[in-house]
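Note sheet for the following structure.
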Amino acid sequence: MKVFIACLGTETNSFSAMPTGWTNFEETMLYRGDATARTATTFSLPMHVWKKATEEHQGQVVESIAAFAQPAGLTVKSVYEGLRDELLADLKAALPVDIVLLSMHGAMTADGYDDCEGDLLANVRAIVGPDVVIGGELDLHCSITPKMVDAADALITFKEYPHIDVGVRAAELFEICAAAHDGLVKPVMAVHDTHMINMWRTPISPMKEFVADMQAAEGEGGVLSVSFAHGFPWQDVTHTSAKMLVVTNGDPDLAANTAKRFGQRLWDMKEETQGETISMDEGLDAAAAGPGPVVLADVSDNAGGGAPSDSTFILKRALERGDQNLLIGYFWDPVAVRFCEEAGEGGALDLRIGGKCGPASGDPVDLTVSVKRILEDAEQTFGDARMTMGTAVWLTSEAGIDLILTTKRTQVFHPDGMEQLGIAPASYDGIVVKSIQHFYAGFAPIASKVLYVSAPGAIPRDYANIPYAKFTDSYWPRVANPF
Ligand SMILES: [Zn+2]
């Protein structure tokens, strides 16, 4: 058994002005044939799993590129084509192969390519022919398209948000594809469009039970895999809405019925799963009331959704109110970090912070700060992976608010990203994390409360009014009944 493995992806925010080019890929992840010899990141982890599983099956692995860019705006055409063609050239050189396994995000748009994953999978199919098994693992914030489903034998998405199940899903995809190669199963897929735009949090009810029931349905009477592709609300393409995706063993009706049954259940609990957000003042009031630490998610400035991660709206509001003992991060501000490096640890300076990327970032804030700690090559934990932060700086301010700056644009994943700077997160009344949900697994254990704050920013949660141009389907919550 010869297995070809690769990774290519990003999550494209169609409303972000920040182009996704070579620098973003090089800074985030760009390995050429040696990703499994490196530390696993979220999107290279499946390749580690597939390599190990292939070797356990006495098979041979051919490893191609592992390329991922931090979510931002449209991918530059030549960059997508360059990476795709590199992957396809590796595949041609590896022929004949038995199985192709791809780690993709599923919400990548490039200039001229609304459906990068469909394009990639169709090109792979054209090269390997109809008999080779093609499997793909996707982030659940993906857009499932007919082109992807036509080209692949089996697609599965993460089930958990935060994405703590990347490795488990990779192992499941391997088992399905290996069984298909051995002639033990014949995967067929069906998709059910829920006609909904929302973000669903899986650690809490009723989504927690929904995920458990998806898992319980697998293995029952020919169902091989049940995925819920939540969709990515800020990728403006024809297929943006959330979809159920089911793989069965040779039974298209069972696949369609199972997808529809779970889709109906999502529809029935739509009000219950509509994310609750509060105002900046409500969040800051909760932190001030204690007990701490109250974790406030600045959902509108989540770098993982393509936001700049340097917005100052909550910082500015907290300063106006005179709030104290708050920690806010991570501000993507390489210029301010440079100033701190010149001042050195222990130095004090007047510093202009954040608000640099555009109107969605708000205005810069001027503060008198002390540089407590500067750490090069800072990292934070995310599930089984380690995520880089670049140089991180811990600042205290005369105003009583502490800040963390980074040179790499990243959302907040885990308190260890703060602790490595000498910070004790639990000592604050409030911690403002620029993230929508991936912080949750790490911070919930230390938080007295987790609240989701709707501040201004690049990715506001007003799903009914996202100004789509290409996604023209009727959807909830824009209309009450989109069917
Ligand atoms: Zn995601």
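Laboratory data are not the source of any read-out in this text; all were calculated from the coordinates shown. Please read all numbers here as calculations on a predicted model, not as lab measurements. Every residue, glycine among them, receives a Cβ derived from its backbone with ideal geometry; neighbour counts consider all protein chains shown.
Tabulated results
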{"quantity": "Distance in nm between pseudo-label sites at residue 338 and residue 480 (7 Å out along the Cβ direction from Cα)", "calculated": "5.6"}
{"quantity": "Region 114-159 versus region 180-215: alpha-carbon centroid distance in Å", "calculated": "16"}
{"quantity": "Residues 454, 448, sorted so that the one with the fewest Cβ neighbours within 10 Å comes first", "calculated": "448, 454"}
{"quantity": "Computed E for residue 38/residue 420 - FRET, C-beta separation, R0 25 angstrom, nearest 0.05", "calculated": "0.80"}
{"quantity": "Sparse-neighbourhood loop sites, trypsin sites (Lys or Arg not before Pro) in region 20-108 - DSSP loop, at most 14 other Cβ within 10 angstrom", "calculated": "38"}
{"quantity": "Added length on full extension, which subtracts the Cα-Cα distance from 0.36 nm per residue, residue 213 to residue 386", "calculated": "59.3 nm"}
{"quantity": "The chain - mean residue ellipticity at 222 nm from DSSP helices (-39,500 (n - 2.57) per run, n ≥ 4, rounded to 500)", "calculated": "-8500 deg cm²/dmol"}
{"quantity": "Size of charge dipole - the chain - debye, nearest 20, with Cβ of Lys, Arg +1 and Asp, Glu -1, no other charges", "calculated": "320"}
{"quantity": "Residue exposure sequence - 1, 389 - by fewest surrounding Cβ within 10 Å", "calculated": "1, 389"}
{"quantity": "Inter-part distance where region 379-396 and region 245-281 are each reduced to a Cα centre, Å", "calculated": "33"}
{"quantity": "Which of 134, 328 has the fewest Cβ neighbours within 10 Å, and the rest in rising order", "calculated": "134, 328"}
{"quantity": "Of 147/243; 186/470; 147/270; 316/470; 51/208, those spanning more than 24 Å from alpha-carbon to alpha-carbon", "calculated": "186/470; 147/270; 316/470; 51/208"}
{"quantity": "Under DSSP loop assignment and at most 12 Cβ neighbours within 10 Å, longest GluC sites (Glu not before Pro)-free interval of the chain", "calculated": "1-219"}
{"quantity": "Hits among aspartates and glutamates - C-alpha to C-alpha of residue 260 under 13 Å, sequence gap 8 or more where chains match", "calculated": "193, 268"}
